[in-house]
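Only the coordinates and a few stated rules stand behind these numbers; no lab work does. Keep in mind that what you see is a predicted model, and the values were worked out from it rather than measured. Here the Cβ positions follow ideal geometry from the backbone for every residue, glycine too, while neighbour counts run over all protein chains shown.
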Amino acid sequence: MSGEKTLCVTQIGSDIGTKPKHRGTIRALGLHGVGSSNTLPDRPEIRGMIARVPHLVSVEELDGE
């Protein structure tokens with residue numbers, strides 16, 4: 001898996017009071033509260049989930065080793 005890009009996704013906003021689909025997307029990204037992070041592969045499905053909740057997450061691109 002050399003050279004595969006990954007994304008470090010961090011929750012920066014609370015999902016309290018957001019739509020149920022947004023809360024579900026945050027959970028599907030593996031985030032469990034403000035400040036929690038998860039490293040995920042850079043795939044179209046993950047990018048689509050991030051695009052649904054851009055106001056709640058920050059994304060950092062990491063190069064695979």
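So, with +1 on the Cβ of K and R and -1 on the Cβ of D and E, and no other charges, what is the size of the charge dipole of the chain about its Cα centre, to the nearest 20 debye? Walk me through the numbers on the way to the answer.
Values: 8 positive and 8 negative charges, 108 e Å.
It comes to approximately 520 debye.
Roughly how many nanometres apart are two label points built 7 Å out from the Cα toward the Cβ at residue 47 and residue 16?
That separation, rounded to one decimal, is 3.5 nm.
Among 9, 39, 53, flag the residue with its Cα farthest along the positive direction of the charge dipole of the chain, charges on Cβ as +1 for Lys/Arg and -1 for Asp/Glu.
Going by the Cα projections, it comes out as 53.
Which shape class applies to the chain: rounded if a/c is under 1.5, otherwise prolate when a/b exceeds b/c and oblate if not, where a ≥ b ≥ c are the square roots of the Cα gyration tensor eigenvalues?
Verdict is prolate for the chain.
Using the Karplus equation 6.51 cos²θ - 1.76 cosθ + 1.60 (θ = phi - 60°), what ³J(HN,Hα) coupling, rounded to whole Hz, does each residue of region 8-23 give in order, writing x for Gly and Pro?
9, 9, 10, 7, 10, x, 6, 8, 5, x, 8, 5, x, 5, 5, 4
So, in nm, how far is label residue 37 from label residue 59 when the simple model puts each one 7 Å beyond its Cα toward the Cβ?
1.7 nm
So what are the ³J(HN,Hα) numbers for region 47-56, from phi and the Karplus equation (6.51, -1.76, 1.60; θ = phi - 60°), rounded to whole Hz, Gly and Pro as x?
For region 47-56, the Karplus-derived couplings read 4, x, 5, 5, 5, 6, 10, x, 7, 10 Hz, x marking Gly and Pro.
Please give the net charge around residue 48, taking every other residue with its beta carbon less than 15 angstrom from that of residue 48, where Lys and Arg add +1 and Asp and Glu add -1. Can you show the working numbers first?
Working: positive: 21, 43, 47, 52; negative: 42, 45.
Spelling it out: positives minus negatives among the neighbours equals +2.
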